[in-house]
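The values are calculated or read from the model by the stated rules, or taken from the named source; none is laboratory data. Because the structure is predicted, anything quoted here is derived from the model rather than measured. Neighbour counts run over all protein chains shown; Cβ positions are idealised from the backbone, glycine included.
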There are 2 protein chains.
Amino acid sequence: MAARPTTGRPTIRDVAELAGVHPGTASRALDPRREGRISAPTAERVRSAARSLGYVPDPIARTLRARRSAVIGVVVPDLANPVFPPIVSGIEDALAEAGYVALVANTGNDPGRERDRVAALQARRCDGYIVASATLDGTTIPRLTSAADPVILVNRETGDLDLPAVGSDDRAGVRAAVAHLAGLGHRVIAHLTGPPNLSVVQTRAEAFRSCAGQLGLDRDQLIVRHGPALTAPDAKDAALDLLTQVPAVTAILAGNDLMALGCYAAAQQAGRPCPASLSIVGYNDMPFVEWWRPALTTVRIPQYDIGYEAARLLLERLGGGPGSPDTGRPAKHVLMPTSLIIRSSTAAAAEPGRPPGASVSGG
Amino acid sequence: MAARPTTGRPTIRDVAELAGVHPGTASRALDPRREGRISAPTAERVRSAARSLGYVPDPIARTLRARRSAVIGVVVPDLANPVFPPIVSGIEDALAEAGYVALVANTGNDPGRERDRVAALQARRCDGYIVASATLDGTTIPRLTSAADPVILVNRETGDLDLPAVGSDDRAGVRAAVAHLAGLGHRVIAHLTGPPNLSVVQTRAEAFRSCAGQLGLDRDQLIVRHGPALTAPDAKDAALDLLTQVPAVTAILAGNDLMALGCYAAAQQAGRPCPASLSIVGYNDMPFVEWWRPALTTVRIPQYDIGYEAARLLLERLGGGPGSPDTGRPAKHVLMPTSLIIRSSTAAAAEPGRPPGASVSGG
DNA sequence: CACCTCCTGGCAATCGGTTGCCACAACTCT
DNA sequence: AGAGTTGTGGCAACCGATTGCCAGGAGGTG
């Protein structure tokens, strides 16, 4: 009988019919950007019709015509690394406030998989991208920026292209960690980190070396070791090597918290109890490290806030987030503050000459 | 000049034009399900045209007309809980093989947020849903099943509705853990877990109690304590209470690995070193627990495989996954095997009468 | 040789909003 | 009172792929 069977969700046509207007008019009445385009009484009639029908515009149909998907692609190297979930949560929350959703591509640090997943994102017409993948030499960034969609980088430096980025103050973080260790009397300090083609690795290693001058430490006694990846097993291997080759090391700044975990294991195996004989500092303050034994001293980066800020920045560039558009932030690079969280994995250095591993009895 | 400006991605019309056929024909030629509908030479012409143009069908347009989005909604309580990323990875990989993508809704255990996020999923016309959210009393499941889309449950029992589910053999897992502890001489064993409105909590607690008969343990000495949530802080509080109220407890089976972490802290604070004076068993074998000190003895559930299997099952129900459709699996509930991973957080019980915490010298 | 069937591919409607353009009405101004 | 301006809402094309229906040709059969 009826032309349309009225099955399923109500469409804009149903709303228009109920309000007694043309679908096009209904569409405009429901669009907050078209404020004033439609007279107040008509708009109200349409809105109430939509309300009574429980009308929700179909994002798919909208995307097709309007070329605006309200989807943001988020490229993350490895969701199993506990640093990332809080970042993603921050992104999701900021996006949700503006009616956007995040489509997360978990690349698992695999270039092929990254290519596939990113292609899938692009096929879905994301309005913009947030990239937290860390490799400097990948093809992802060029591929994404070749389209006109805005891209925001998270927790990584830009490569050649100058893209807006949200990160944390790595130099200050590293300096605070090393200053803390130096203050505890440590003189021979190692930085165990990952491959230098990761931007965070570069930045932090450089900051570490520069501590020599600033903190009055001997440049030769600040050791940097690059491992194949920022993982616990690699850190364990590297730390064991280090401790046998340079037994004078009394403190390690790990490239991230996962590497600190590997250092714990190495310390135990090498008979260098932490923190009595070996102080260990992590990086990121990812969830649960305060429950480790010993609780990890680490550099906190505001993970959730970084994600939130990155999404806000992207929404601004997309024009018309509900936030104040007049902040006039020309700065393309936002650096969030870091802070050193001192827990139990760092302690005063044993006096020089004392055999490593000897217990410091009687205070 | 040209009617279409040939800007942006090539469309099916471009392909059709290049191949000298009608767009509809091109569409059919590219559809593997329409095998044979189009003659081989024509199909090949279209395919090569598509290839040379780098044509990728627009999922948005396809969805609008075909009512098939190739998107699966995944509802997860908390991505920051390390159990879930591997499950999600398994889901993503299985879906990717079939050309589907996962849209993950992270509810953060917040009912309001869960409602919003699930509504966003539904608006996007997901073809199906995988729900790993654990609460039994939420409105999510009824809301999702009220539409016709298939829903698969992961790692949770069904509520009233009988839905297909993929889980792990919790009863066997709990039994193995308790048997292990009993074999080490433990007699007073506690199960510290979360609120009983979580299905896994119910199942495991019940399995724990039923060990009394099967393993010849005294029913009164199998203690179950429900905390407010399956988190480390709650576990710590509960464990401290327990250890003061029932000092005879020599082993704890935690509701999950996070709770085991809380138990570590409680054990230390209560002067009941683990494993010498208190054995602790976790549940899930989530990433990195082998790096804890002591390395956690825990019940492994095949997280990745569970996710993978759930996605496969869903694809089968959607009809036409590339997998064998003739397996004829009528079983709606798939139970993956669990295994007990014995590490260093469990040890022989101190002999009765010996003061807790005394070291067992001389083996 | 006429008729029937099957195979192939074209046509056009459709999914559900969005938006450029236009018509009509009301109002203002001279 | 007539002309110009502004405000409001209708009309229809459009985004890009899918698919039901149909026509035309080839091949087979009585």
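Data for the structure
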read-out	value
Residue within the stretch B:126-144 that is modelled with pLDDT of 90 or more, in contact with a strand residue (DSSP E or B) (Cβ under 6 Å, 6 or more places away or on another chain) and within 18 Å of residue A:100 (Cβ to Cβ) present	yes
Yes/no for residue A:23 being free of Cβ contacts under 8 Å to residues at least 60 places away in the same chain, more than 15 Å from DNA strand C (Cβ to nearest atom) and of a type outside the set (Asp, Glu)	no
Test: residue in the stretch B:104-125 that is crowded, with 23+ Cβ neighbours inside 10 Å, at the interface with chain A (Cβ under 8 Å from one of its Cβ atoms), away from DNA strand D (no atom under 16 Å from the Cβ) and part of a strand (DSSP E or B)	yes
Residue count, the stretch A:134-166 (criterion: small (Gly, Ala, Ser), surrounded by 19 or more Cβ atoms within 10 Å (Cβ to Cβ) and over 22 Å from residue A:316 (Cβ atoms))	2
Tally, over the stretch B:63-103, of residues that are more than 24 Å from residue A:114 (Cβ to Cβ), within 16 Å of DNA strand D (Cβ to nearest atom) and of a type outside the set (Ser, Thr, Tyr)	5
Restricting the stretch A:274-298 to residues that are among the β-branched types (Val, Ile, Thr) and in a strand (DSSP E or B), the residue that is nearest to residue A:87 (Cα to Cα)	A:298
Restricting the stretch B:239-273 to residues that are in a loop (DSSP other than H, G, I, E, B), surrounded by fewer than 24 Cβ atoms within 10 Å (Cβ to Cβ) and in contact with a strand residue (DSSP E or B) (Cβ under 8 Å, 6 or more places away or on another chain), the residue that is nearest to the other protein chains (Cβ to nearest Cβ)	B:249
Residue under evaluation residue B:59, criteria (1) under 30 Å from residue A:79 (Cβ atoms); (2) more than 14 Å from DNA strand D (Cβ to nearest atom); (3) without any contact (Cβ under 8 Å) to a residue 40 or more places away in the chain; (4) not β-branched (Val, Ile, Thr), criterion not met	(2)
Residue A:76 vs. criteria under 15 Å from the mean Cα position of the chain (by Cα) and either touching a residue at least 12 places away in the same chain (Cβ under 8 Å) or within 15 Å of DNA strand C (Cβ to nearest atom) (or both)	yes
Checklist (1) surrounded by fewer than 17 Cβ atoms within 10 Å (Cβ to Cβ); (2) more than 10 Å from chain A (Cβ to nearest Cβ); (3) small (Gly, Ala, Ser); (4) away from DNA strand C (no atom under 16 Å from the Cβ) applied to residue B:96, failing item	(2)
Meets criteria (in contact (Cβ under 8 Å) with a residue 40 or more places away in the chain and near DNA strand C (Cβ under 7 Å from one of its atoms)) for residue A:85	no
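Results for (1) near DNA strand D (Cβ under 9 Å from one of its atoms); (2) at pLDDT 95 or above; (3) away from every other protein chain (no Cβ under 14 Å), shown as yes or no for each residue.
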position: B:2; (1), (2), (3): no, no, yes
position: B:9; (1), (2), (3): yes, no, no
position: B:13; (1), (2), (3): yes, yes, yes
position: B:27; (1), (2), (3): yes, yes, yes
position: B:31; (1), (2), (3): yes, no, yes
position: B:36; (1), (2), (3): no, no, yes
position: B:39; (1), (2), (3): no, no, yes
position: B:48; (1), (2), (3): no, yes, yes
